[in-house]
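What follows is a single structure, written as structure tokens, with notes after it.
The values are calculated or read from the model by the stated rules, or taken from the named source; none is laboratory data. Given the structure is predicted, the values throughout are model-derived calculations rather than measurements. Backbone-built Cβ (ideal geometry, glycine too); neighbour counts: all protein chains shown.
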Amino acid sequence: MTVFILGGLSALSFAPVGWHLLIMICLAALLGLLGQASRRRAFTLGWLFGLGFFGVGVSWVYISLSVYGGMPSWLAAFAVFLFCSFLALFPALATWGTVRMSAFDANRWLLVFPLMWTLMEWTRGWFFTGFPWLAAGYAQVPEGPLAGYAPIFGVYGVSWLTAVCAGLLVWLVQRIWIPGKWLAPFAVLLFVAGAGEALKLVDWTKPTGKPVTVALVQGNVAQEMKWRPERTSQTLADHAAHIKSAQAELVILPETAFPVFYEDMRPSYLEELRQVSRERGMSILAGVPTGNFDNGYYNSVVSINNAPAQFYHKRHLVAFGEFVPPGFGWIVKVLNIPLSDFSRGEKNQTPIDVAGQKVGVNICYEDVFGEEIVRPLPEATLLVNVTNDAWFGDSLAGWQHAQMSQMRALESGRYMLRATNTGVTAIIDQKGRVVSSLPEFTTATLKGTAQGFSGMTPYARWGNVPVVALLFGLSGLVALRRRL
């Protein structure tokens, strides 16, 4: 029970609570509980920790399945338990691997555990299309002492350093009563934290051009009403009113703000928006489905201004939410979620050229994959995320998602503009700091300015390659130590 509670407490390290040091303390406590544990015991402890961690951290999945997916409450609760049980296998494998690969000394805490923990996070980030939610590194954004490492190593590098610090805490506690012996782990902790704070002062990218005025529309359309045909005209009219009232060079509407295929929209409606754009020197980016049911359809963003329309088509789709994996067609009938079989956009799409900026667009869940967000760099001067987290109600999901957008801004050295249906709509600067935001579940437009940036952070240039190389290099070192 103790380790289960520790896992649940760890989830408080992330937004909206944001106790960024708590994840280090809880991981250190987990290591302490391992003690002289057998491999089986280590696996069980890691699984219970993970069950508490994900049981609290991704509890919002229940809302999606029960309230909006149509599942009976008991079945939704059982499905969430199974989902969290599966995710808990990754921490379990990390603790099992720690005992399996190391001796009971400082090597275990400082070398093997950080290696195994980060390796399992990275694996979780791509296995079965990937679910990198709540990687430990996110807890450091934007004010944590390790956040300064993000532009160099990305979120997984920060996760590795978080686990290293947890190991140092164990080492420190073990030696705290031995005169002079505590100095080494304490000094290393200070160095890691101090270097992280110093790195926050480094400007990896530089401003380019003049700041652009922006207006981010939060339509606050209830999810149960969004796709009803009788509601479509009112939704389109409401969003047109938001656009007309915005005094900005760039207006951004959330994911599927237009709940009708772009090809089926009234030409008069689109011309009305283009006319507003021409009169005010405004560019509009709006989420809309494109294509058709016969030839394939996309979750897209379209530009509307005095130039030909430009499109971005979402490429990283959510399993069971936006596409159905082979052999799982029966799930669609149970979930009852509309638009659940999108086509994938091309892997490398050029930034959208609007308002004097090159905009790297990403849609909803895509911004949890750092290695994909940096693909349009260095051409992109701004990043834009459009999303609809209404699926998850009034829960932790919106704040956690916004925190991941903060990490993407920090990793890339670019502003991230988040236009969401129900929140969290925010302007995030190149240091990952929220400049301004709107309260959740309000109908409003967030107005402000955004600065374009040029240049490349080390992470934007190399992606996850250095961290993955580190993980496999450490694995080789551990294997060599075991042979000697």
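Structural remarks
- Taking the range 416-475 as the range and being in a strand (DSSP E or B), aliphatic (A, V, I, L, M) and under 21 Å from residue 240 (Cα atoms) as the test, the residues that pass are 417, 419, 426, 444, 446.
- Of all residues in the range 261-292, those satisfying the criterion of being within 23 Å of residue 417 (Cβ to Cβ) and not in a helix (DSSP H, G or I) are 281, 282, 283, 284, 285, 286, 287, 288, 289, 290.
- Residue 4 being aromatic (Phe, Trp, Tyr), crowded, with 21+ Cβ neighbours inside 10 Å and part of a helix (DSSP H, G or I): no
- Just one of the listed residues (234, 218, 223) is in the same structural domain as residue 429 (by TED's automatic domain parsing), without any contact (Cβ under 8 Å) to a residue 60 or more places away in the chain and polar (S, T, N, Q), and it is 234.
- Residue that is nearest to the chain's Cα centre (by Cα) [pool: residues in the range 117-132 that are modelled with pLDDT under 95 and either buried (at least 24 other Cβ atoms within 10 Å of the Cβ) or of a type in the set (Phe, Trp, Tyr) (or both)]: 131
- Matching residues in the range 86-102 - criterion: being among the aromatic types (Phe, Trp, Tyr) and either closer than 14 Å to residue 31 by Cβ or in contact with a Ser or Thr (Cβ under 8 Å, 6 or more places away or on another chain) (or both): 90, 96
- Only listed residue being farther than 23 Å from residue 401 by Cβ, without any contact (Cβ under 8 Å) to a residue 24 or more places away in the chain and either small (Gly, Ala, Ser) or not assigned by TED's automatic domain parsing to the domain that holds residue 16 (or both), chosen from 198, 163, 187: 187
- The lone exception for residue 90 - which of (1) under 26 Å from residue 471 (Cβ atoms); (2) assigned to a loop (DSSP other than H, G, I, E, B); (3) under 24 Å from the mean Cα position of the chain (by Cα) it fails: (2)
- Options 59, 64; residue that is buried (at least 21 other Cβ atoms within 10 Å of the Cβ) and either touching a residue at least 60 places away in the same chain (Cβ under 8 Å) or outside any helix (DSSP H, G or I) (or both): 64
- Residue within the range 158-174 that is surrounded by 24 or more Cβ atoms within 10 Å (Cβ to Cβ), within 22 Å of the chain's Cα centre (by Cα) and among the small types (Gly, Ala, Ser) present: yes
- Of the set (1) closer than 20 Å to residue 384 by Cβ; (2) surrounded by 17 or more Cβ atoms within 10 Å (Cβ to Cβ); (3) of a type in the set (S, T, N, Q), all apply to residue 306 but (2).
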